[in-house]
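Below is one structure; the comments refer to it alone.
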Amino acid sequence: MEADISVNMLRESLSLLMMISLPLLVVGLIVGVLLGLFQAATQVQEASLSFVPKLIGIALTFWFCAPWMGDKILRFFHLVFDQVVQIGSSGGIGA
């Protein structure tokens with residue numbers, strides 16, 4: 001029974017990790033591709049030109065998505081602690 005719970009927690013944690021990181025990665029990808037196209041078209045090869053807009057885009061995305069991300073993480077922690085209580089009330093592992 002505890003093995004099923006731990007496998008479920010692992011699956012939920014990986015799913016949560018992908019769900020939370022997806023908006024930041026998508027914005028970084030889109031900004032990077034657009035800046036790459038701009039740099040290729042203008043032949044401007046400046047490192048800060050690609051870094052600063054990505055940083056700003058990802059920071060703004062994080063700013064707008066932070067409440068949603070926090071809610072998802074909080075719900076996951078509630079799920080984990082509920083499972084810990086359930087295991088503890090059933091006598092624990094090996095009981």
inquiry  = Output the 0 to 90 degree angle, nearest 10, between the alpha-carbon long axis of helix 2-42 and the longest principal axis computed from the alpha carbons of the chain.
reply    = 0
ask   = How high is the FRET efficiency between SER89 and LEU29 when r is their beta carbon distance and R₀ equals 41 Å, given to the nearest 0.05?
value = 0.35
ask   = Cα-based Rg of the chain per 2.2 N^0.38 Å, rounded to two decimals?
value = 1.67
query = How many Å² of accessible area per residue for the chain, probe 1.4 Å?
reply = 75
key: Distance (nanometres) between label positions extended 7 Å along Cα→Cβ at ALA3 and MET18   = 2.4
remark   = So the carbon and sulfur contribution to the accessible area of the chain, 1.4 Å probe, in percent, is 74
message = Angle check, please: helix 47-89 long axis (alpha carbons) against the longest principal axis of the chain (alpha carbons), in degrees 0 to 90, nearest 10.
response = 0
Ellipticity estimate at 222 nm from DSSP helix runs (n ≥ 4, -39,500 (n - 2.57)) divided over the chain, nearest 500 = -33000 deg cm²/dmol
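The values are calculated or read from the model by the stated rules, or taken from the named source; none is laboratory data. Note that the coordinates shown come from a computational prediction; the quantities given were computed from them, not determined experimentally. Virtual Cβ from ideal backbone geometry, glycine too; neighbours counted across all protein chains shown. Heads up: the accessible areas ignore ligands, DNA and RNA and are worked out on the full protein's heavy atoms, side chains in. Shrake-Rupley method; radii C 1.70, N 1.55, O 1.52, S 1.80 Å.
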